[in-house]
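Read-outs: derived from the displayed coordinates by stated rules, not from any lab. All of these numbers come straight from a predicted model, not from anything done at the bench. Cβ placement follows ideal geometry from the backbone for every residue including glycine, while neighbour counts extend to all protein chains displayed.
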Amino acid sequence: MQMKLIDPRHPFYRPLWRRVAVVAVCGAWFAAEALWGDQLFMVLTGALTLYTGWVLLLGWKDDAPPAN
């Protein structure tokens with residue numbers, strides 16, 4: 001079984017506002033690193049923002065079964 005960084009089937013991510021908030025926090029962290037931070041962390045947080053946006057917003061399936 002493959003372990004994912006984010007399990008979109010977890011009940012925490014069911015409300016849309018939580019998914020948007022997670023992506024927004026990652027995006028804000030990326031912006032802060034881009035303006036005042038280190039390039040390595042900027043790349044890492046940028047990748048994290050893209051990944052969370054993909055998993056929690058673009059790839060979201062509303063009929064996902066609850067986590068075991």
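At-a-glance table
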{"item": "Contact order relative to length of the range 11-58, as percent, for alpha carbon pairs under 8 angstrom and 6 or more apart", "result": "43 percent"}
{"item": "Helix-only CD estimate at 222 nm, as mean residue ellipticity for the chain, using -39500 (n - 2.57) per DSSP H run (n ≥ 4)", "result": "-18000 deg cm²/dmol"}
{"item": "The range 1-57: radius of gyration and largest Cα-Cα distance (Dmax), Å", "result": "12.4, 39"}
{"item": "Order of W54, W29, W17 - criterion: other Cβ atoms within 10 Å of each residue's Cβ, fewest first", "result": "W17, W54, W29"}
{"item": "Formal net charge of residues neighbouring L56 (Cβ-Cβ distance under 14 Å; K, R +1; D, E -1)", "result": "+4"}
{"item": "Approximate spin-label separation A32-D62, in nm, with each point projected 7 Å along Cα-to-Cβ", "result": "3.3 nm"}
